[in-house]
Amino acid sequence: MLIPLSWLSEYVILPKKTKDLTDRLTSVGHMLDKIKKVGSDTVIDLELRGNRSDMFSVYGTARDVAAAFKQPLKSLELSPLPSKDPNHSLIQVEPSVKDILHRYTALSLSVKVADSPDWLKQKLSYFDIPSINNVVDITNLVTLELGQTLHAFDIAKIKNRKLILRTAKKGELFHTVQQGLDVLLNPQDFVAADSEIPQCLSLIGGLHSKVTEETQEILLESAVYDPTNCRQSARRLKIFTYGGNLHEKLLDPNQVEVALQRAVFLLQKYADAKITSSLSDYFPKPNLPLKIPFDFNLTEKIGGIQIPENQQISYLESLGFVIQKNIVTVPTFRTDITQSADLVEEILRLHGYDQIPQNPLPGLSQPISNFSETTFINKLNSFLINLDLDEVITLPLISEENIENKDMAIYPQNPPDPTKNILRPSLIPSLLEYAKRQLNQQTPRVAIFELGHVFSISNKNYLEQLNLGIVIAGNNLPQNWQTPIHKLSIYDLKGLIDKLCKTFKINNPPLVQEVLPNIFAWEINLNSLINQNINPVPDYQLISIYPPIIEDFNINLTTDYKTLEENIKKISSLINQIDLIDKYDNKLTLRITFHDLSRQLSKEDISPIREQINNLH
Amino acid sequence: MKQKLNNLKNEALAMITNASSNEELEQLRIQFLGKNGKLNEFFRTQPIEEKKDLGSLFNEIKDNLSNALNDKMINDGNKSNNFDLSLPGTPIPIGHLHPTTLVINEMNDIFKSLGFAVADGPELETEEFNYNRLNLPLNHPARDLQDTLYIEEPEYLLRTHTSSVEARILATQKPPYRYVIPGKVYRNEKANPSNNMMFYQYQGLAIGEGINLSHLKFTLNYFISQFYGKNRQSRFRCKYYPEVEPGVGVDIDCPFCHLKGCVVCKYRGFIEILGAGMVHPNMLKKVGLDPNKISGFAWGMGLDRIVMDRTGISDIRSLYNGDITYQL
């Protein structure tokens, strides 16, 4: 919100240094975003809280400044409004607007339309609002001053001097006051029309009834609409105005009267206005001020700081709250205040958050431990790093072309990139893309893993699970002068997986695959392991005082390797370990370790075993 | 006689010291310690009574000379082998954790010392936990600001903030407890160097009896001193978030201009790092907790800017698409 300081100072005395003003405003909840000089004046831009609709106005800001600096707030000059017409003859309210219109108030005045005085043009110029004429400019000025919109119609252009407040018909055409911008409405849009055409929307005025030099009498209105409805209309029609923006906030319908009183005062003074009707006021549910029973001890309970009760009262009163005994009456323009905690915030922000002391949290009465998925992931991460794998993190949306079974894929409704249109049911496609990107950059060795969630749907139930995916490609080492290198093979990946599964006691893991030429991948779902509290600690053994006997054997592979290994092991319990040290087609060289921890083995112990091994094939 | 033996020893030691090659040392060894060497020859010529006397000295000298020869050989051995150690060593691959994981682990450690455990929750979330339970009913304007990625509007979505886990913890756990919640969050954003559809947040929650803003201040100041450094200045100011009341915005002094104001901090002198506050009474009531007895604070911050600052990467998309390599 832009606030020209010269304008602000008309309502409250400002501190001499602008920095003192902006620092305090930042501290009490309205952060300084930008500051600029316009001629000799300074304009500050405040980042405002979304829920303080009363601050979207120069006067509303002045009110908070007055409270923050303990200064008096100057009252506005207002003119009384005419008495209410029980038939509210200027407006006719259709039942269709019952839920979207909270208040609509109108009166008519005769005016002398003329060029605006310079001070008025200047004030509008800070906000880049062009000067049209004194009447239109005054409605815009009051909107900026009070944060409540007003609109003036040339009443001669309104058939029968009566506005019909209704919802639009489907496809109804509306000519907005912006030349050339015409829109088609739909039944959700609010419309103020006469018996023939729509004349005004909640967000923008109409072309036909705009006030010009020829206007002699105006219909002046101010209204409060349902914020959600305004937001929907603005989005659909793509019309974003200052007034429309105000209407998306929770406004106080009581400010309608204040805005009209202020406008009437200014019109009388600068446009020779004379009231020509009574007040038509549609206000079916007047809002009464909220009364909150407040325990002043709550401030210390929530804020951790003791503030004397009379000081708390003084803070609240400076903001317009009325305190009687323990009941706090909330001014209606504070639509953001609903309960005690909100009052505590008001007191603390004026007192200054920097005044709040620091205390360590009290001791825990029960120990809390990490969620099991976190614990498991940490253990796995450490282990995978030790396997010389790099952790990567990829996005969850992938192209549906990456998967075959599209029945179990989840299609988000509004993916930002339409080509990446499903939630990943597997980590492999994105890991693959990642690997290819690295290989294209001539990275010699790609060895990556991702521990992340995958998503699928089955029987209309959304399933979210934790998977581990690993991809390797390239060479085992960068080219160097000391050690020969080799291209990574599927067995390199299998070696990693064997180690991983042995350590984490994973039985029957999925198989490793060559997903693209020379790119190898593996994926496993981890949900069954998360809660098992596996501790990846190896078995420790002491070196035996009896050394083993190690011999090499040449064997023809006629079955698969696993079967051969099992058959060999069955021969004797003295066979401790079998290592495959060479392979050429089906000819294997096995290095077999014979060991007995309780005695020294001799050639006599080994001979019969050796013979059986050699007889295997 | 003993004197003659010692003279022999000294002569040998001098020659060993002056030897300039292993061949020479080998010659000296044979010359003095060999079967027909000077020591043995000397000993042979002694009468038997003398031999008894000289026995231990003889052995001692033999050991001395043997050690001297060995030492000299080993030392010279080094020099004669000549490695050019400026040649590169054999490269070895090592594994690395993702920079985001490292930042998360560092923060988890800091909060662990204050008794916070780590929690997590689903990324595919329901409207109930992502919005309704966070004091954000339907039609609340803050919902629009969040540009939700919907699976099935409005009921199923990808969570827009880690606060959804906060809502789950409130619903399932009995106070008192303290948790930090690192996690991925999703928005319907077109990717560009500073925005992505997926990014990381770091949330915190402490619920119990008698918790107030002074505890929040201590906790966050402690975090700032541990994570950013002991000399950093923090600023606590009033700020609005639907899930907390009172609401707090926390800034730290701009590392570039030290409060003077510069382009990086938009001339404010401070940089926003996180939002926080006392958990809104509506949220406590919703899960059956009495706000008069139980209170708590929460905070949330974005992680990606921190990760990007630490790694010097200026495009957020690079964190997740294969652009980074780990050069170590």
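The values are calculated or read from the model by the stated rules, or taken from the named source; none is laboratory data. From a predicted model like this one, the values you see are computed outputs, not experimental measurements. Positions of Cβ are generated from backbone atoms using ideal geometry, with glycine treated the same way; all protein chains shown enter the neighbour counts. The area values use the complete protein model at the heavy-atom level, side chains included, leaving out ligands, DNA and RNA. Shrake-Rupley method; radii C 1.70, N 1.55, O 1.52, S 1.80 Å.
What to note about this one:
- Cβ-based charge dipole, chain A, positive-most Cα from A:Pro510, A:Val258, A:Thr299: A:Val258
- Bins of 10 Å from zero: percent of alpha-carbon pairs in segment A:129-251: 13, 48, 35, 4
- Applying Stokes-Einstein at 4 °C and 1.567 mPa s to the Kirkwood radius of segment A:1-133, computed over alpha-carbon pairs, gives a translational diffusion coefficient of 73 µm² s⁻¹.
- Neighbouring Cβ atoms from other chains, within 10 Å of the Cβ of residues in B:249-261, number 1 on average.
- Entry note, chain B: the mean residue ellipticity at 222 nm calculated from DSSP H runs of n ≥ 4, each adding -39500 (n - 2.57), is -12500 deg cm²/dmol after division by the residues and rounding to the nearest 500.
- Restricting attention to segment A:347-497, the count of lysine pairs at 8 or more positions apart or across chains with alpha carbons under 28 Å apart stands at 8.
- Across the protein assembly as shown, Cα-Cα pairs more than 52 Å apart make up 42 percent of the total.
- Placing unit charges on each Cβ (+1 for Lys and Arg, -1 for Asp and Glu) gives chain A a dipole about its Cα centre, and among A:Tyr546, A:Leu477, A:Val142 the Cα reaching farthest toward its positive end belongs to A:Val142.
- Prolate/oblate/rounded label for segment A:67-122 (Cα gyration tensor, a/c 1.5): oblate
- Relative contact order [Cα under 8 Å, 6+ residues apart], segment B:161-263, whole percent: 18 percent
- Phi angles across segment A:12-29 convert, under the Karplus curve 6.51 cos²θ - 1.76 cosθ + 1.60 with θ = phi - 60°, into 3J(HN,Hα) values of 8, 6, 9, x, 4, 8, 4, 4, 4, 5, 6, 4, 5, 4, 4, 5, 7, x Hz, Gly and Pro given as x.
- Cα gyration tensor shape of segment B:144-293, rounded if a/c is under 1.5, else prolate or oblate by comparing a/b with b/c: oblate
- Its alpha carbons give segment A:455-518 an Rg and a Dmax of 16.7, 58 Å.
- Neighbour net charge for B:Gly37 - beta-carbon separation under 12 angstrom, K R +1, D E -1: +4
- Helix axis angle, A:255-270 relative to chain A longest principal axis, alpha carbon, degrees: 50 degrees
- Close amide H contacts of A:Asn576 (hydrogens built in the peptide plane, cut-off under 5 Å, sequence separation of 5 or more or a different chain): A:Thr593, A:Phe594, A:His595.
- Think of it as helices only: each DSSP H run of n ≥ 4 in chain A is worth -39500 (n - 2.57), and spread over all residues that comes to -8500 deg cm²/dmol at 222 nm.
- The alpha carbon centroids of segment A:115-166 and segment B:155-196 are separated by 45 Å.
- Ordering A:Cys501, A:Ser108, A:Leu348 by the projection of their Cα atoms onto the charge dipole of chain A, which places +1 on the Cβ of Lys and Arg and -1 on the Cβ of Asp and Glu, puts A:Ser108 at the extreme positive end.
- Separation between Cα centres of segment A:404-462 and segment A:249-325, rounded to whole Å: 55 Å
- Calculated accessible area for chain B comes out at 47 Å² per residue, all protein chains present (probe 1.4 Å; ligands, DNA, RNA ignored).
- Electrostatic dipole magnitude of segment A:567-617 [Cβ: Lys, Arg +1; Asp, Glu -1; Cα centre; debye, to 20]: 80 debye
- Once A binds B, the 1.4 Å probe can no longer reach about 7300 Å² of accessible area, counting both sides.
- Residues along segment B:80-111 losing 10 Å² or more of accessible surface when the other protein chains are present rather than the chain by itself (probe 1.4 Å): B:Leu87, B:Pro88, B:Thr90, B:Pro91, B:Pro93, B:Ile94, B:Gly95, B:His96, B:Leu97, B:His98, B:Thr101, B:Asn105
- Kirkwood Rh, angstrom, chain B [1 / mean 1/r, Cα pairs]: 26.1 Å
- Average Cα contact separation per residue, chain A, under 8 Å, 6 or more apart, as relative contact order %: 10 percent
- Summing Lys and Arg as +1 and Asp and Glu as -1 over all other residues whose Cβ lies under 13 Å from the Cβ of A:Glu214 gives a net charge of 0.
- Less than 5 angstrom separates the built amide H of A:Gly452 from those of A:Asn467, A:Gly469, all sequence-distant by 5 or more or on a different chain.
- For chain B, the Cβ-based charge dipole about the Cα centre amounts to some 940 debye (Lys, Arg positive; Asp, Glu negative; other atoms uncharged).
- Cut-off 15 Å between beta-carbons: net charge of the residues surrounding A:Lys274, Lys and Arg +1, Asp and Glu -1: 0
- Of the accessible area of segment A:431-507, computed with a 1.4 Å probe over protein heavy atoms only, carbon and sulfur atoms account for 49 percent.
- When you restrict to C-alpha pairs under 8 Å that are six or more residues apart and normalise by the size of segment A:1-55, the relative contact order lands at 41 percent.
- For B:Asn196, the amide hydrogen comes within under 5 Å of no other amide hydrogen, counting only partners 5 or more places away or on other chains and with H modelled in the peptide plane.
- The apolar share of the surface of segment B:5-123, taken as the fraction of accessible area on carbon and sulfur atoms (1.4 Å probe, ligands and nucleic acids excluded), comes to 52 percent.
- Note on segment A:409-500: with charges restricted to the Cβ of Lys and Arg (+1) and Asp and Glu (-1), its dipole about the Cα centre is near 140 debye.
- Taking the longest Cα principal axis of chain A as reference, the axis of helix A:58-68 is set at about 70 degrees.
- Listed by chain and number, the aspartates and glutamates whose C-alpha is less than 17 Å from the C-alpha of B:Lys52, apart from same-chain residues fewer than 8 away, are B:Glu41, B:Glu60.
- Over chain A, accessible surface divided per residue gives 49 Å², non-protein components excluded, 1.4 Å probe.
- Shape call, segment A:100-154: gyration tensor on alpha carbons, a/c limit 1.5: oblate
- Between helix A:428-440 and chain A there is an angle of about 80 degrees, using the helix long axis and the longest principal axis of the Cα atoms.
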